[in-house]
Each structure stands twice: as structure tokens, then as C-alpha cells.
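Remarks on the structure that follows.
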Amino acid sequence: MAFATVLLDGVSYGMVLFIISVGLTVTMGLMRVVNLAHGAFAMVGGYLAVILVRAGVPFFAAALLAAAAVGVLGAAAELTIYRPLYRKGELAQALMTFGLVFVVIAALTMIFGPEIKPLPMPGFLGGLVDIGLRPYPAYRLFLIALGLALAALLWWTIDGSLYGARLRAAVDNPRMARALGMDVGRLFTLTFGAGCALAAFGAAVGAQLLPLEPFYALRYLVLFLVVVGVGGLGNFRGSFVAALVLGILDTAGKYLLPAAAAYLFYGIVLVLLLWRPNGLLPSRSAA
Amino acid sequence: MRSRWGMTLLAALLASSVAGAALAAETVKVGVLAPFSGPFARWGTQFRQGIEVWQKQHGTSVDGIKIEVVYRDTGGPAPARARQLAEELILRDKVQILGGIVFTPNALAIADLITEAKMPTVIFNAATAVIVRKSPYFIRVSQTIPQVAAPIGEWAAKNGIKTAVTAVSDYGPGFDGEEYFSKAFKAGGGKVLESIRMPLSTADFSPFFARVLQDKPDALFIFGPGGPPTVGMINTWASRLKPAGIKLLATAETQQIDLPKIGPAALGVVSAFHYTETVDNPLNKALWADLHQMFGKDAVPDLATVQAYDGMHAIYLAVGKLGARAKADDVIEFMRHLAFDSPRGPIRIDPQTRDVVQNVYLRKVEERNGVLENINFETLPMRPDPWKEDHPENK
């Protein structure tokens with residue numbers, strides 16, 4: 001009984017990590033940019049959703065609008081800030097994107113203050129649902145359903161659509177893709193924006209688990225990077241598996257061995273990376 | 001020696017006809033160390049509001065001596081930076097009194113320095129019990145964690161709670177909270193089923209609280225560092241444990257300033273604390289009124305506001321009594337016997353420990369006129385810090 005609850009907890013936590021991180025795996029795998037500002041885009045989305053909800057927009061509409069706005073913002077950032085970085089080394093990329101994080105933190109602190117901004121969920125998500133064994137929070141079940149739906153959508157997009165085929169081609173061999181006449185630059189912009197939009201959406205729906213405050217972008221950055229690293233750079237299925245595995249193992253570990261909780265997560269990451277240094281699913285393709 | 005020479009000089013000046021002019025120009029500088037930037041910036045803001053309200057109510061000078069407050073930004077817990085800033089305040093800005101100090105590591109880092117420089121230092125917050133022992137020039141007007149954690153344990157044992165689990169953040173103050181809650185709870189006949197320590201980086205508290213659910217205690221005691229972890233703990237309790245009838249016991253987690261972030265989940269949480277925002281006394285009412293007038297309707301006093309306000313009170317009393325050029329030892333000797341009324345209720349300094357003695361309130365989160373507030377239901381009058389009794393000073 002307790003086992004089922006812990007499993008659901010782990011899966012729902014993993015889903016939030018997946019929704020936010022999946023954009024990052026594409027950025028880092030596809031564009032080979034060390035994008036430490038990913039959490040900042042997520043956070044901006046969360047804040048936009050807060051503003052919209054306060055202005056009376058229903059929660060889901062607010063989350064989608066915020067995601068769309070951050071998608072546009074992300075595409076603009078790709079064109080202006082990220083594009084010149086592609087040819088620079090990793091150090092320049094890390095410094096630039098890390099600097100961007102601080103700019104966003106300072107800006108949000110100035111506008112909204114350093115405090116947590118609560119993002120109220122629709123009432124029906126606040127209750128408990130009887131899942132046969134015991135009452136379980138509806139919000140968590142919603143996260144699981146949403147994560148699965150988004151994963152399915154992404155799967156279809158990458159495996160089944162023309163856009164996905166181009167994306168995979170560009171990841172596998174960007175020079176060849178260009179030679180075949182693909183507009184790889186536009187593909188990058190579009191994909192970067194989509195990744196940012198997903199992160200923003202994840203931050204909005206996951207705000208009950210990862211509360212929104214200006215240091216969000218740094219506080220959870222390690223989590224997002226770990227999901228991408230363990231999943232394998234540029235591998236969206238890998239991120240899905242990694243987020244679930246980490247979510248479940250971390251949750252079960254904290255439940256069974258709370259005394260070891262402080263290092264358990266990192267221990268799991270260490271073991272996984274020793275076992276599979278290139279990630280759980282290090283295929284050469286984005287899918 | 002130097003200040004005695006100063007007194008002689010002052011006497012000479014007084015004897016001369018320029019005495020009036022010299023007095024008018026006298027200033028006491030107070031250096032306030034606090035975070036004004038970064039994730040802990042709220043402390044600095046609240047300190048400043050408390051200080052400014054005090055100065056609005058009592059003026060910027062005492063007996064013709066101007067009190068000038070010099071703020072320095074320590075960022076977060078940063079011992080080296082705190083020490084460096086304290087040094088600068090003492091040597092370059094020539095402050096006569098230090099105040100502020102939010103974090104324990106910062107307080108410990110300046111202890112030797114203030115002893116060497118003979119610098120009276122009024123702690124506005126840092127709450128680890130041992131701090132004041134580290135320098136004879138520390139006076140604390142805030143609180144200690146055992147001072148508020150023990151009363152909630154006592155109360156629980158007396159009020160039908162037979163078993164409890166403690167879940168605290170894995171850091172020094174969390175251990176203090178765990179130890180003193182457990183000690184008082186066991187002394188009252190209660191049983192602690194499990195003590196859980198949760199990493200500060202924890203984002204999802206559900207696995208820990210799933211464990212609590214398995215233990216089936218009557219109540220859960222939590223201690224968090226404020227900010228996201230505290231909100232996470234209370235929300236997780238509300239969605240998992242509250243429906244199972246497990247009560248939540250706390251200390252600083254349910255301050256009114258934080259309740260809007262937690263929302264209705266906080267309803268019914270019982271806590272013990274030294275300042276309740278709704279406490280009914282004229283000083284507290286005046287504090288609210290002036291805060292609203294000076295900083296807008298959204299300003300809410302918290303422990304930092306009140307502790308800084310009281311710190312200034314102590315400093316004003318000392319300067320009023322001893323003048324602008326008092327010796328550090330005289331200032332400390334005077335302050336260790338202080339007793340005055342605060343917005344939190346009466347407080348005094350214990351002459352032996354140089355630590356604050358004050359009422360501890362038991363209160364419950366309720367909603368009144370659409371605002372979530374703490375409402376007192378019991379007052380434990382004038383409680384000292386229990387840690388000092390357990391750890392007598394060896395000399």
C-alpha cells in the first residue's frame with residue numbers, strides 16, 4: 001500500500017523533472033550549447049502564469065499562454081544571444097548563459113521581490129482521489145497524466161512528423177542536413193523556442209512541487225542537468241527514462257532510508273553514470 | 001584607556017564655553033550587518049523597516065546625541081564577508097555599536113573580533129543558543145531556537161498528543177529544534193516515534209511524509225529554514241497527513257508574512273513563537289500603523305521587524321543613559337540588566353546569560369476577514385533559554 005503511494009510519488013516527481021528538462025536535452029544535444037539558463041526560461045514562464053492567474057485567466061489557459069510567450073522569448077533569445085555562442089567554446093557558453101541566469105534573477109527580484117509567488121491550482125486538483133488503496137492527491141495524478149500525454153505528443157512529433165525527421169537528421173549530422181538544403185538555423189530557433197515553452201509549462205504546472213521564487217533558476221538547475229546527463233545528451237526518450245528512474249529511486253530511497261537522503265540522489269547519479277557514462281540511452285539520434 | 005582619555009577630553013570641553021556646540025555635533029554610529037541582496041534580502045528589508053519605524057516614533061537622536069545607522073550587506077551565511085564588514089565598520093566607519101546579524105555562522109565569525117575591539121554587539125536575530133557565550137560583548141534581543149521549540153513539545157504532551165514524529169531540515173538550527181521539541185515532549189510523557197532529517201535541497205517532501213504516515217503519530221513537528229522548503233513541508237502535510245488526522249506543530253514556519261504563500265493549507269497549524277502579529281498591545285498596534293503608513297498596506301511585521309525595533313530600543317536606552325562616549329564594558333553592563341516593553345510583549349535580558357527572556361505564545365493559524373493569521377490561545381510568561389540551563393558554563 002505504502003509502496004504504491006511511493007511509486008506514484010516518484011513517478012509524478014519524475015514527470016515534472018521530465019517536462020521541464022526535455023527542452024534542455026534538445027538544446028544541449030542538438031545545438032551543443034551548454035545552456036545553463038534553461039531554468040531561467042522555466043521560471044519566467046512560471047511568473048507569467050502567476051501574473052495571468054492573478055489577472056483572472058483560468059489556470060490552464062494561463063499556463064499555455066505563459067508557455068507560448070516564453071516560446072517566443074526563447075526563439076528571440078536563440079536568434080540574438082545563443083546563435084553567436086554556437087561557435088564559441090564551452091567555457092564562453094557556460095559563462096554567458098550563467099550570466100543570463102543572474103540577470104533574470106535580479107530582474108525578477110526587482111519586479112516581484114525575493115519571496116515565493118504562490119500559483120494557485122484549480123480547486124479540483126487540490127482534493128484527494130480514492131485510487132482503491134487509499135486517498136491520493138489529485139494534483140499528483142494530474143502530473144502523471146500530463147507527463148504521459150506530453151511524452152506521447154513528443155514521441156509522435158519526433159518519430160512521426162516531418163519536423164521530427166528533420167530534427168533527427170540535424171542532430172545526427174548538421175552539415176549533411178545543411179547540404180541537403182534544410183534550413184538548420186530555423187530548425188534550431190523553432191526547437192529552442194519549443195524547449196523553452198515546455199520548460200515554462202512545466203514550471204507553471206509543477207509550481208506546487210518546485211515553488212516559484214527568483215532563485216528557482218539556480219536552485220533546481222542541478223536537477224535539470226542531471227536528468228539530461230543521465231538520459232544522454234540530445235535523447236528525448238533518455239530524458240524520459242532518466243527522469244522517471246531518478247524520480248522513483250530518489251523518492252523510494254528517501255522513504256526507505258531517510259538518514260541517507262542527503263547523498264542518496266547523488267549516489268544514484270554517480271552509479272548510473274559509472275555504468276552508462278554517455279547516459280542511459282546514448283543513441284545517436286534525437287529519438 | 002582611550003575612552004577614559006576621551007571622557008577627560010569631554011569634561012574639558014564641557015568646562016569650556018564651546019560645550020553646547022560640541023554636544024550638538026555628537027553622533028553615535030550603529031553598524032547593522034544584514035543581508036540586503038540575494039535570497040535572504042527580506043531580512044534586511046524587515047530590519048530596516050523595524051529600525052525606521054523606531055526612529056520615526058522616537059526620533060533620530062537621544063538627548064541631543066544623533067544616532068546614525070550604517071547598513072552593510074552580508075549577503076547570506078558568509079562568515080568571511082561578515083567578519084570583513086565588521087572590521088571595516090569598526091576601523092573605518094568608527095561605529096560605536098554593532099547590530100543586526102541574521103545567521104549563526106556570521107555571528108560566530110565576528111565573536112573574536114568584537115572581543116578584541118571591545119565592541120558592544122546587539123544580535124537582532126542569529127538564534128543558535130551558544131552564540132552569546134562566544135564573546136562577552138554580545139547581547140541578544142531576538143530568541144533562541146530551544147526557547148520556542150521546547151514550549152511546543154510541552155504543550156503537545158499536555159494536550160492529548162501521545163506520539164509524535166519530528167521532521168527537520170538537516171542543518172544546525174534544525175537539530176536544535178528536534179532536540180528541544182523531543183526533550184520537552186518526552187518529559188511530558190510523549191513518545192517520539194521517529195526523528196527524520198531532510199536535506200536542505202529537498203524539493204519533494206512526499207517520501208519523508210509517506211514515512212510519517214506509516215508511523216501513524218498523533219502529530220508531526222517540523223523545523224524548516226523558511227522559503228521554499230517550509231512551504232513544501234506545510235503543503236505536503238496538508239495534502240497527505242492532515243486528512244489522516246495528524247496534527248502539525250511548528251515554530252517560525254507560520255509567520256503571517258509567509259502565510260499567503262502557503263494558503264489555506266496552513267489552517268489549523270499550532271505553533272509556539274515569541275512574536276505573534278495579532279498580539280494585543282499598544283506598541284504592536286503602533287508598529288502596524290506606522291509600517292502601513294511608511295511602507296504601504298502590504299507591509300507585514302515579522303520576527304525580524306520586531307527584533308530590530310527592540311535592538312534599537314536597547315541601543316537608545318544605553319546611549320540615553322551613558323552618553324555618546326561610554327566604555328564598551330559599561331554599555332554591556334547596562335544592557336544586561338535591561339527590561340522593557342516590546343511589540344511582542346514584555347522582554348528582559350538575563351544578566352547572567354546576556355540572552356533574552358520573553359513570553360512564548362502558543363497560537364493557531366485561523367482565517368479572519370479573509371486574512372490568514374496566527375491567533376494566540378495561551379501565553380507562557382517570561383521564558384528563558386532552556387539550553388543555558390542544560391549547558392552550565394564551566395569556568
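Rule-based calculations on the coordinates, nothing more; no lab input. What you see is a predicted model; the values in this text were computed from it and never measured. FYI the Cβ positions are ideal-geometry reconstructions off the backbone, even for glycines, and counts take in every protein chain you see.
General remarks:
- Calculated FRET efficiency for the pair residue A:7/residue A:162, C-beta based, R₀ 41 Å, to 0.05: 0.65
- B:196, A:131, A:19 arranged by Cβ crowding within 10 Å, fewest neighbours leading: A:131, B:196, A:19
- Label-reachable residues, region A:102-126, where backbone N falls under 13 Å from a point 7 Å from residue B:84's Cα toward its Cβ: none
- Three-way shape call for region A:149-204 based on the alpha-carbon gyration tensor, with the a/c threshold at 1.5: oblate
- A crude spin-label estimate for the pair residue A:51 and residue A:148, with each label 7 Å from Cα along the Cβ direction, gives 3.6 nm.
- Alpha carbon centroid spacing (whole Å) that separates region A:105-131 from region B:54-92: 36
- Chain A: angle of helix A:221-231 to the longest principal axis, Cα-based, in degrees nearest 10: 70
- Seen against the Cα atoms of chain A and their longest principal axis, helix A:261-275 is set at about 40 degrees.
- Helix A:2-26 and the long axis of chain A differ in direction by around 20°, with both axes built from C-alpha atoms.
- Amide H contacts under 5 Å for residue B:32: B:70, B:71, B:72, B:99, restricted to partners 5 or more places along the chain or on a different chain, H placed in the peptide plane at 1.01 Å from N.
- Of B:261/B:364; B:66/B:297; B:158/B:186; B:183/B:242; B:247/B:297, those spanning more than 22 Å from alpha-carbon to alpha-carbon: B:66/B:297; B:183/B:242; B:247/B:297
- Only Cα pairs under 8 Å and 6+ residues apart enter the sum, and on that basis the relative contact order of chain B stands at 16 percent.
- Size of the protein assembly as shown as Cα extents on the principal axes (Å, biggest first): 97, 59, 49
- Note on A:70, B:53: ascending count of other Cβ atoms within 10 Å places them as B:53, A:70, the fewest first.
- Placing a pseudo-label 7 Å from each Cα along the Cα-to-Cβ vector at residue B:116 and residue A:263 gives an inter-label distance of 3.5 nm.
- Once divided by 2.2 N^0.38 Å, the Cα radius of gyration of region B:35-181 becomes 1.21.
- Pairwise centroid distance, computed over Cα atoms, of region B:245-321 with region A:50-82, Å: 36
- Rounded to whole numbers, the Karplus 3J(HN,Hα) couplings from phi for region B:272-288 are 10, 7, 8, 9, 10, 4, 9, 4, 9, 8, x, 5, 5, 4, 5, 4, 4 Hz, using 6.51 cos²θ - 1.76 cosθ + 1.60 with θ = phi - 60°, and x at Gly and Pro.
- Relative contact order [Cα under 8 Å, 6+ residues apart], region A:36-85, whole percent: 36
- Region B:126-178 versus region A:232-259: alpha-carbon centroid distance in Å: 35
- Assigned charges on the beta-carbon of Lys, Arg, Asp, Glu; the protein assembly as shown dipole about Cα centre (debye): 1160
- Sites residue A:60 and residue B:267, calculated FRET efficiency, Cβ-Cβ separation with R0 25 Å, nearest 0.05: 0.45
- For chain B, calculated [θ]222 nm from helices alone, where every DSSP H run of n ≥ 4 adds -39500 (n - 2.57): -13000 deg cm²/dmol
- Using 0.36 nm per residue and subtracting the Cα-Cα separation, the extra length available between residue B:186 and residue B:158 on full extension is 9.0 nm.
- Sorted ascending by nearby beta carbons within 10 Å, beginning with the fewest, B:319, B:279 become B:279, B:319.
- Computed label-point distance, nm, for sites residue B:339 and residue A:186 using a 7 Å Cα→Cβ extension: 8.2
- Chain A, relative contact order [Cα under 8 Å, separation at least 6], %: 38
- Counting DSSP beta bridges with both ends in the protein assembly as shown, the antiparallel % (nearest 5): 45
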